[in-house]
């Protein structure tokens, strides 16, 4: 415990799902956690839970697609705490309409990019001067396995998340000499209290047949990786994309079928 002691950490989209897992672990590790999102009641509940567990936290409204709210968040945190040490870019508007290339309208494309890429870019841009002033920091982007290959339908989402991968590398390269690190985490299937009832068992079974360990992911799995990237122990790690998926992307696509046959992959 205490790996993030006294670090000021903004965790976007931390009023639900993966964001809650990250925020709670940050609180347990001694960070001053800024819980932010659009739902004040849910955000305050997360803050209360962190405090009950002995951590320090505060809620701040932010809509990742509203650039003025992003600016206000960053300026308020910098003014109140005097520094920003960690930024976790987790916020995204889930469930936006998507589809095949011929089905995606410009409006659909723009909405997903505003949520999943533009917002990450802009809050990073706003935070960078404060990290430079303070002598460094760590930026952690939450990407997606969708950026690993083409998708049957989520064209805009996969494209936006591929952009997050390259934004990660660009920030790491351009600001490394300012002691600012930037890394990306690609979650696998993460089952949360919010999505558990909506992920069909058939889908869970498909994932589990390809996952190399014996369970799906949980928010804390991503949280632990975020703690490492936020802590000083990862100072020499930057520009990296870490896939936290139980080993799902460590093998060729035919493994699940060959496992059923009891044979070799090749």
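The values are calculated or read from the model by the stated rules, or taken from the named source; none is laboratory data. The shown structure was predicted, so the numbers you read here are calculated from the model rather than taken from an experiment. Cβ sites come from the backbone with ideal geometry, for glycine too, and all protein chains shown count toward neighbours.
Observations on the structure shown:
- Qualifying residue in the range 167-187 (condition: in a loop (DSSP other than H, G, I, E, B) and either at pLDDT 95 or above or closer than 20 Å to residue 95 by Cα (or both)): yes
- Screening 230, 188, 176 for residues that are in contact with a helix residue (DSSP H, G or I) (Cβ under 6 Å, 6 or more places away or on another chain) and touching a residue at least 60 places away in the same chain (Cβ under 8 Å) leaves exactly one candidate, 188.
- Listed by position, the helices (runs of 4 or more DSSP H) contained in the range 39-115 that have at least 1 residues being under 19 Å from residue 151 (Cβ atoms) and touching a strand residue (DSSP E or B) at 6+ places or on another chain (Cβ under 9 Å) are 106-113.
- Count of residues meeting criterion [in contact (Cβ under 8 Å) with a residue 40 or more places away in the chain, part of a helix (DSSP H, G or I) and surrounded by fewer than 21 Cβ atoms within 10 Å (Cβ to Cβ)] in the range 233-250: 3
- Test: residue in the range 126-145 that is surrounded by 18 or more Cβ atoms within 10 Å (Cβ to Cβ), assigned to a helix (DSSP H, G or I), modelled with pLDDT under 95 and in contact with a strand residue (DSSP E or B) (Cβ under 9 Å, 6 or more places away or on another chain): yes
- Only one of 54, 27, 37, 19 that is within 21 Å of residue 185 (Cβ to Cβ) and without any contact (Cβ under 8 Å) to a residue 40 or more places away in the chain: 27
- All of 95, 149 fail the test of being surrounded by fewer than 17 Cβ atoms within 10 Å (Cβ to Cβ) and farther than 22 Å from residue 13 by Cβ, apart from 149.
- Looking across the range 171-209, the residues that are over 27 Å from residue 257 (Cα atoms) and in contact with a strand residue (DSSP E or B) (Cβ under 8 Å, 6 or more places away or on another chain) come down to 171, 172, 175, 179, 180, 181, 182, 183, 184, 185.
- Selection within the range 251-266: residues that are assigned to a loop (DSSP other than H, G, I, E, B) and in contact with a helix residue (DSSP H, G or I) (Cβ under 7 Å, 6 or more places away or on another chain). The member of this set that is nearest to residue 207 (Cα to Cα) is 265.
- Residues of the range 191-207 satisfying the condition of being part of a helix (DSSP H, G or I), in contact with a helix residue (DSSP H, G or I) (Cβ under 9 Å, 6 or more places away or on another chain) and either surrounded by fewer than 16 Cβ atoms within 10 Å (Cβ to Cβ) or free of Cβ contacts under 8 Å to residues at least 24 places away in the same chain (or both): 206
- When residue 156 is tested against (1) modelled with pLDDT under 95; (2) surrounded by 13 or more Cβ atoms within 10 Å (Cβ to Cβ); (3) closer than 25 Å to residue 103 by Cα, only condition (1) is not met.
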